[in-house]
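Trainee: First the structure, then my questions, so here it is.
The values are calculated or read from the model by the stated rules, or taken from the named source; none is laboratory data. Everything quoted here is computed from the prediction, not taken from an experiment. Just so you know, the surface numbers come from the protein's heavy atoms only, side chains and all, with ligands and any DNA or RNA stripped out. Shrake-Rupley method; radii C 1.70, N 1.55, O 1.52, S 1.80 Å.
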Amino acid sequence: MNRLNRILIGVLALQLVLAVVVFWPRSAGSGAGAESLFPGVEADQIQEITITSAAGTTITLANRDGSWVLPEADDYPADPERVKPLVDGLAALEADRLVTQTSASHERLQVAEDAFERRIDFQMADGTLHRVYLGSSPSFGVAHVRAEGEDEVYLTSDLSSQDAGVEATAWVDTTYFSVPQEDVVTVTVENAQGTLEFEKEGESWALVDLAPDDTLSEGMARSLVNRVLSVSLLRPLGMEELDAYGMQEPIAIVTIRTQGEDAAQKTYTLLVGAQDPEDNGYVVKSSESPYYVQVREFSVQDIVEKGYGDLIEVPPTPTPDDALEATPSP
């Protein structure tokens, strides 16, 4: 190796060392404890959080007397166990692992005002407002983060875009309607195809008014009944009944009668209203909830479309061999 090559290799090694020194995330402070990205912020003082995605989708969570809700859906209850990691994560953000101090890197790290993974605005009990940008994730479990109005970008393991969903399903119990199957006595489904009434017989279901020559498909009957006994929501809509929901003339009505171990009887109803032309979801209203919700099409498709003929076993099509066997011998 000649002298020039040794010099070039030495220069390259020095450049690599400098790059590591300059760009390696490091502690921003010299003290024993890291400084909070939002000094004075305590988790129990956060009262409202608005999350915005890169695509502009927004969702708001609000604390109402200690309970988290979705205010845009008439305070539909949020699941506190789902909200807690977000609230704790915001309060735990630290100005510790410094990545850059220049605004020129904001867009590349996805923490710019117009280029981010998540923008989170949160309000404290005293009315103070804060904004933080969550950016790209350079490795598993960490993400870039920047406070509004600051050039410094840090790495955090306390929060990521996965902890800040913008869909309602990220924050609520998605089971909107559920009835214990062991208590169900009868199930009635009314739709454009007619009325289907099922009665429980042991572990099976019988179809009332089944024609003498027809055989009920137990698998189809069980599938339809199971579908009506549990419905998951896509998003809550609120408590006000709008004309667009189509509940004045629902396209399907489900009536469920139960009897518990104490012999007490109860009747549930589930109304299926209008279909959304954009995403094909349906509006649904349960007698057990004051809220209207939207559900995915497949959740109620059987309830809307299935009729008597769909539940009857079709006899096998005769084959030429069958005809020969049925012909009496001479």
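Trainee: Using only the alpha-carbon atoms of region 186-230, report the extent along each of the three principal axes, biggest first, to the nearest angstrom.
Mentor: 32, 28, 16
Trainee: I've got another one for you. Would you tell me the accessible area of Val41, worked out with a 1.4 angstrom probe on the heavy atoms of the protein chains, in Å² to the nearest 10?
Mentor: Probe radius 1.4 Å; accessible area of Val41 about 10 Å².
Trainee: Rounded, prolate or oblate: which fits region 158-269, taking a ≥ b ≥ c as square roots of the Cα gyration tensor eigenvalues, rounded meaning a/c under 1.5, else prolate when a/b beats b/c?
Mentor: Verdict is prolate for region 158-269.
Trainee: Another question about this same structure. Just Pro85, Pro77, Pro277 to compare: in a GNM of the chain, with alpha carbon springs under 10 Å, which one fluctuates most?
Mentor: Fluctuation is largest for Pro277.
Trainee: Within the chain, which DSSP H helices have Cα atoms that stretch 24 Å or more along the helix axis and a mean Kyte-Doolittle hydropathy of at least 1.6?
Mentor: Result, helices passing both filters: 3-23.
Trainee: Something else: Per-residue accessible area for Val185 at 1.4 Å probe radius, Å² rounded to 10?
Mentor: 40
Trainee: Val172's amide H: which non-local residues (gap 5+, or another chain) put their own amide H closer than 5 Å, with H modeled 1.01 Å from N in plane and none for Pro or chain starts?
Mentor: For Val172, the qualifying residues are Asp79.
Trainee: Let me ask something additional. Name the lysines eligible as straight-distance cross-link partners of Lys84: C-alpha to C-alpha under 21 Å, and not fewer than 8 places from it in the same chain.
Mentor: none
Trainee: Can you pull the Rg over Rh of the chain, Cα-only, Kirkwood?
Mentor: Across the chain, the Cα-based Rg/Rh ratio is 1.21.
Trainee: When the chain is modelled as a GNM with alpha-carbon springs shorter than 10 Å, which of Gly281, Gly260, Gly202 fluctuates the most?
Mentor: Per the Cα network of the chain with a 10 Å cutoff, Gly202 tops the list.
Trainee: Using Cα springs under 10 Å in a Gaussian network model of the chain, which residue among Ala192, Ala168, Ala147 shows the largest mean-square fluctuation?
Mentor: Result for the chain, Cα springs under 10 Å: Ala192 fluctuates most.
Trainee: Restricting to Cα pairs below 8 Å that are 6+ residues apart, what does the relative contact order work out to for the chain? Please round to a whole percent.
Mentor: Value for the chain: 13 percent.
Trainee: Work out from phi, with θ = phi - 60° and the Karplus expression 6.51 cos²θ - 1.76 cosθ + 1.60, the ³J(HN,Hα) of each residue of region 232-244, listed in order in whole Hz, and give x for Gly and Pro.
Mentor: So the Karplus estimates, Gly and Pro as x, are 9, 8, 9, 7, x, 10, x, 9, 7, 7, 9, 4, 5 Hz.
Trainee: Now for a separate question. Which aspartates and glutamates, on any chain, are close to Lys200 with Cα under 13 Å apart, when same-chain ones fewer than 8 places away are left out?
Mentor: Straight-distance partners of Lys200: Glu182, Asp183, Glu218.
Trainee: Ignoring any ligand, DNA or RNA, what whole percent of the accessible area of the chain comes from carbon and sulfur when the probe is 1.4 angstrom?
Mentor: Solvent-exposed carbon and sulfur of the chain make up 49 percent of the total.
Trainee: Another one. For the chain, what is the accessible area per residue in Å² when the probe is 1.4 Å?
Mentor: 57
Trainee: Ok, one more. Karplus couplings for region 120-133 from phi (6.51 cos²θ - 1.76 cosθ + 1.60, θ = phi - 60°), rounded to Hz, Gly and Pro as x?
Mentor: 10, 9, 9, 10, 8, 4, 8, x, 5, 10, 9, 9, 9, 10
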